[in-house]
1. Report the paramagnetic label zone for SER24: residues of the stretch 40-55 whose backbone N is under 16 Å from a point 7 Å from Cα along the Cα-to-Cβ axis.
2. Can you give me the accessible area per residue for the chain, using a 1.4 Å probe, in Å²?
3. On the protein heavy atoms, probe 1.4 angstrom, tell me the percent of accessible surface of the chain carried by carbon and sulfur.
4. By how many nm would the segment from ASN68 to ASP35 lengthen if fully extended, with 0.36 nm per residue of separation less the alpha-carbon distance?
5. Eigenvalues of the Cα gyration tensor times 5, then square-rooted: what semi-axes does that give for the chain, in whole angstrom, largest first?
6. Subtract the Cα-Cα distance of ARG3 and VAL51 from 0.36 nm times their separation in residues, and report this length gain in nm to one decimal.
Amino acid sequence: IEREVAKRQAQPIRVPITAIASPSDGVVGFGATRDHHSPDVRHVDVDASHVGLCFNPVVWREIVDTLNRRA
């Protein structure tokens, strides 16, 4: 797995990214939500459980803002 991760990180993603994550996720480790290799990443932290992310109004507001920014 580490070899595959290193291979992925060797080629940064070249499009803008909005990465939404929760420190209190409980399933995905918070450190794993960070992309330190791609040049245009905006990290957004919200307070939500793993399953609760899809119901969180802050998440949906960030998605709308991101789409409006890219339009």
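1. 45-55
2. Details: 5260 Å² over 71 residues.
Counting only protein heavy atoms, the per-residue value for the chain is 74 Å².
3. Numbers: 3090 of 5260 Å².
Within the chain, the accessible surface is 59 percent carbon and sulfur.
4. On the way: separation 33, 0.36 × 33 = 11.88 nm, distance 2.23 nm.
Between ASN68 and ASP35, full extension yields 9.6 nm more.
5. Numbers: eigenvalues 102, 66, 12 Å².
Equivalent ellipsoid of the chain: 23, 18, 8 Å, largest first.
6. On the way: separation 48, 0.36 × 48 = 17.28 nm, distance 2.91 nm.
That pair, ARG3 and VAL51, stretches by 14.4 nm at full extension.
The values are calculated or read from the model by the stated rules, or taken from the named source; none is laboratory data. This one's a predicted model, so the numbers in the text were calculated from it and none came from an experiment. Using ideal geometry, Cβ is built from the backbone for each residue, glycine included, and neighbour counts are taken over all protein chains shown. Protein only, heavy atoms only, side chains kept; ligands, DNA and RNA dropped before computing areas. Shrake-Rupley method; radii C 1.70, N 1.55, O 1.52, S 1.80 Å.
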